[in-house]
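To keep things clear, I will list the structure first and then write my remarks on it.
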Amino acid sequence: MTEASFPTFRPRRRRNSPGLLALTRETRLSVEQFVYPLFILPRENFHMEISSMPGQFQLGYTEAERLVDESLKIGVKSFLLFGIPDHKDCEGSSAWDSDGVIAQSLRRLRKAFGTAITLITDECFCEYTSHGHCGIIHEEGDRFYLDNDKTLPNLARQCVVHAQAGADIVAPSGMLDGMVSAIRSGLDGAGLIHTPILAYSAKYSSAFYGPFRDAAQSPPQFGDRTSYQMDPANRLEALTEVSQDVAQGADMVMVKPALAYLDIIREVKNASPVPVAAYNVSGEYAMLKAAAKNGWIDEKRAILETLGSIHRAGADILITYHALEAARWIRDN
Ligand code: PBG
């Protein structure tokens, strides 16, 4: 096919009215693809703004229910739950306590909202361990490493407990080798064959998680996460991680963070046989909020453009702290 060229062809003809623009738009954001993260504490009534994430809160059970109710009214129906437990130890054992913070909030949200909501649980240990790493730590002199294979059974247990308490999807985020197959066999062994796994497959060791670590009280107490999360310089490795996770039974895969990794989202989308999620992380949220607060950017336009770029890059599912405001803007457009 040969295209006509100027002056017969004029691309600007299609941009001449809002109607024409809308008719020929190639991608669209919709509230159905949004997932809204919630930080939950084991309290009844509790509500505290996270200073590095203006507009986001740590919530007690009742406040979380109230926020879910408000979200449903504007069409946001999917939530990613993070727990902030009272008790931390070196293994993170409160993560698989059937009366732990996430298990309790799952039961309560399920009871209050039934099948109107989709609940996804972040499956990791950094919020639950005293040292803030994502599993069991093995120390050797002044070096330490995350003991991959010893952590896997704990991860499977955590997922089983959460699925039994009502999670619709479990989402392991610790970047452990073999995490998807360990979880799949744990779930299947408990008869939970219908619970899907959303694997944080390509999760980079990123500076953009800073505000989250305040919010979830999960910064590593020593060292960093570079021995388990991916090197930001790598591209092929993301595709390898995705294909490994898919081979182990991942029902959906994730790229995280989103903005500095739009190229990775596109490549994963092109290669993945399963839906692709992208996590628009805390530092990305904080940057836009800070610039908007200073009057340096138009907040609404910048946020919708940003979310649109993640979707255009190939993300089917968008996990974002902007979900509620973006849902309102899309609805009122
Ligand atoms: C691990 C986890 C992290 C985030 C989601 N799950 C933090 C980390 O890996 O240090 C970060 C999310 C964000 O920055 O918004 N449980």
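None of the figures in this text is laboratory data; all of them are computed from the coordinates on show. It should be emphasised that the depicted structure is a prediction, and the values quoted were computed from it without experimental measurement. Here Cβ is always computed from backbone atoms with ideal geometry, including for glycine, and neighbour counts include all displayed protein chains.
Relative contact order, whole percent, for the stretch 28-332 stands at 19, derived from Cα pairs under 8 Å and 6 or more residues apart.
About the centre of its Cα atoms, the stretch 49-144 shows a dipole size close to 660 debye [charges on the beta carbon of Lys, Arg (+1) and Asp, Glu (-1) only; nearest 20 debye].
Of all DSSP beta bridges confined to the chain, the antiparallel ones make up roughly 20%.
For the stretch 1-65, the list of chymotrypsin sites (Phe, Trp or Tyr not before Pro) that fall in a loop by DSSP and count at most 14 other C-beta atoms within 10 angstrom reads F9. Summarising the label geometry, the points placed 7 Å from Cα in the beta-carbon direction at S51 and C90 lie 3.2 nm from one another.
Per-residue Cβ neighbour counts within 10 Å put W329, W96, W296 in the sequence W296, W329, W96, beginning with the fewest.
Here the gap between R66 and R312, fully extended at 0.36 nm per residue and compared with their Cα-Cα distance, gives a gain of 85.4 nm.
Under the simplified labelling scheme, the R25-K300 pair shows an inter-label distance of 1.3 nm, with each label point 7 Å from Cα along Cα→Cβ. How large, in Å, is the stretch 76-168 by the Kirkwood hydrodynamic radius built from its alpha-carbon pairs? The answer is 13.8 Å. One chain, two ends: E32 and A207. Fully extended at 0.36 nm per residue, the span grows by 60.1 nm beyond their Cα-Cα distance.
Projecting label points 7 angstrom from Cα along Cα→Cβ for M1 and A112 puts them 5.1 nm apart.
Computed from point charges on the beta carbon alone (+1 for Lys and Arg, -1 for Asp and Glu), the dipole magnitude for the chain about its Cα centre is near 1760 Debye.
From the Cα gyration tensor of the stretch 127-206, with a ≥ b ≥ c the square roots of its eigenvalues, which class applies: rounded if a/c is under 1.5, or else prolate if a/b is larger than b/c, or else oblate? It comes out prolate by the Cα gyration axes. With the convex hull drawn over the C-alpha atoms of the chain, the volume per residue is 161 Å³. Reducing the stretch 232-247 and the stretch 171-211 to their Cα centroids gives an inter-centroid distance of 14 Å.
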